[in-house]
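One structure is given below, encoded as structure tokens.
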Amino acid sequence: MAKIPAIEIGEVKKVYKTGVEALKGVSLTVPAGEFMALLGPNGAGKSTLIGILSGLVNKTSGTISVNGVSIDVDHDKAKSFIGVVPQEFNFNWFEKVIDIVVNQAGYYGIPRKEALPRAEQLLKDLELWDKRFTASNQLSGGMKRRLMIARALIHEPKVLLLDEPTAGVDVELRRSMWTFLRELNNDGTTIILTTHYLEEAEQLCRRVAIIDQGAIIREGTVKDLLTNLSGVTLLVDTVEPIRQAELQLLRGYPIKKHDETTLEVRLQHGDTANDVLRKISSIGLGIVNIRNSGSRLEEVFLELTKK
Ligand code: ADP
């Protein structure tokens with residue numbers, strides 16, 4: 001028998017009181033154990049969707065099941081399968097770290113003596129154990145973010161929803177959070193995150209759903225999305241500064257000046273990098289280095305969502 005999907009969203013619509021149609025009939029199935037990124041430009045409807053899944057926002061119509069339980073049939077049970085890490089910190093600022101995590105367990109009816117060892121493990125895994133007696137307002141931004149994650153996991157949810165988990169987090173901490181999330185996913189927790197760092201989605205997630213103007217415009221594995229990439233942008237560093245005369249000679253090629261000593265080469269289907277690079281060399285420009293322009297997923301994303 002096929003495994004029950006972690007999340008099944010059927011034709012979900014959301015119209016806010018203001019008349020804004022934030023979701024226009026979104027359907028999405030997230031298999032159990034998946035690691036999925038929900039991507040989209042600002043205002044696309046990501047937070048609304050996460051809010052509906054978390055039970056913070058009411059949908060206007062459509063169906064949602066979590067681990068096979070409809071939120072309309074047994075809201076509490078469906079909700080108990082989910083852990084949420086919203087963007088905004090929402091602790092009681094004077095409560096100590098350990099109490100924030102343990103008290104959360106109480107909302108799910110988990111006895112304190114069961115919650116304490118779980119909290120200890122989570123705080124150790126998230127490198128917050130030393131801070132357990134610190135009030136949350138004394139923590140750094142990165143620590144607060146990790147505390148949000150610990151709190152969201154105390155009832156051992158099957159699905160973890162993270163809204164921009166590493167926004168404002170420095171590179172080093174971001175990497176350690178990635179490691180933590182990967183391990184959590186390897187241990188079986190389904191993870192859905194929204195992110196503005198497409199590199200994050202590319203590094204962490206197996207699947208991606210791209211949402212734009214309230215509708216899912218693309219959904220699939222990161223691998224498939226990248227294979228279907230119709231264009232690739234390369235940055236070519238030159239030995240000498242690029243002169244206007246040389247740019248003239250490159251006219252008709254998919255080449256632009258990026259900065260004094262860098263050309264941007266946009267390859268479409270049918271273009272081969274070799275032909276273009278040969279052309280650059282043939283006009284006397286020495287090439288020192290060729291780099292990819294950044295996250296490849298970013299290119300797919302920009303292409304799909306450009307107006
Ligand atoms: P995203 O998270 O992708 O940036 P949102 O879900 O926050 O997108 O917003 C989707 C649309 O719904 C936007 O047009 C936004 O202005 C609108 N919206 C979001 N929250 C509310 C609200 N509480 N009341 C009215 N409109 C809202």
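Derivation of every value follows stated rules applied to the coordinates shown; laboratory data play no part. Predicted model only: the values in this text are computed from it and were never measured. Don't worry about glycine lacking a Cβ; one is built from the backbone with ideal geometry, like all the others, and counts go over all protein chains shown.
Of all beta bridges DSSP finds with both residues in the chain, what is the antiparallel percent, to the nearest 5? Show your work: numbers first, answer last.
Numbers: 37 of 54 bridges.
That works out to approximately 70 percent antiparallel.
Please give the charge dipole size of segment 2-159, origin at the Cα centre, charges +1 on K and R Cβ atoms and -1 on D and E Cβ atoms. Round to the nearest 20 debye.
On the way: 21 positive and 16 negative charges, 42 e Å.
The dipole magnitude comes to about 200 debye.
For the pair ASP125 and GLU264, label points projected 7 Å from Cα toward Cβ lie 4.2 nm apart.
Distant-in-sequence amide contacts of ILE211, defined by a placed amide H-H separation under 5 Å and a gap of 5 or more residues or a different chain, comprise LEU39, GLY40, ILE217. Each label point was placed 7 Å from the Cα along the Cα-to-Cβ direction; for GLN138 and LYS77 their separation is 4.3 nm. Shape class of segment 19-71 from the Cα gyration tensor (axes a ≥ b ≥ c, square roots of the eigenvalues): oblate, since a/c reaches 1.5 or more and a/b does not exceed b/c.
Close amide-amide hydrogen proximity is noted between ILE4 and no other residue 5 or more places distant or on a separate chain, at a cut-off under 5 Å (H modeled in the peptide plane; Pro and chain starts excluded). Evaluated at q = 0.27 Å⁻¹, the base-10 log of the normalised Debye intensity for segment 228-305, with identical point scatterers placed on the Cα atoms, takes the values -1.36.
Ranked by how many other Cβ atoms sit within 10 Å of their own Cβ, fewest first, the residues MET148, MET177 fall in the order MET177, MET148. Partners of LYS124 within straight-line reach, counting lysines whose Cα lies under 18 Å from its Cα and excluding those fewer than 8 residues away in the same chain: LYS96, LYS113, LYS144.
Amide H contacts of ILE191: GLU34, PHE35, MET36, LEU160, each under 5 Å away and 5 or more positions distant or on a separate chain (H built 1.01 Å from N in the peptide plane; Pro and chain starts excluded). Computed 3J(HN,Hα) for segment 103-109, one whole-Hz value per residue from the Karplus formula 6.51 cos²θ - 1.76 cosθ + 1.60 where θ = phi - 60°, is 5, 4, 4, x, 5, 9, x, glycine and proline marked x. Along each principal axis, taking the top coordinate minus the bottom one, the Cα set of the chain gives 74, 45, 44 Å in descending order. Bridgeable lysines around LYS46 (alpha carbons under 16 Å apart, same-chain partners fewer than 8 residues away excluded): LYS13, LYS14, LYS24, LYS59.
For segment 88-99, backbone phi angles converted through the Karplus equation (6.51, -1.76, 1.60; θ = phi - 60°) give residue-by-residue couplings of 8, 5, 9, 8, 6, 4, 9, 7, 6, 3, 4, 5 Hz, Gly and Pro being listed as x.
So, R0 is 25 Å and r is the distance between the beta-carbons of ASN42 and GLU11; what FRET efficiency does that work out to, to 0.05? Mind showing how you got there, number by number?
Values: r = 24 Å, r/R0 = 0.97.
Efficiency, rounded to the nearest 0.05: 0.55.
Taken about its Cα centre, segment 123-180 carries a charge dipole of roughly 140 debye when the Cβ of each Lys and Arg holds +1 and the Cβ of each Asp and Glu holds -1. Lysines near LYS279 by alpha-carbon distance under 24 Å, same-chain residues fewer than 8 away left out - which ones? Within the straight-line cut-off, LYS279 pairs with LYS256, LYS257.
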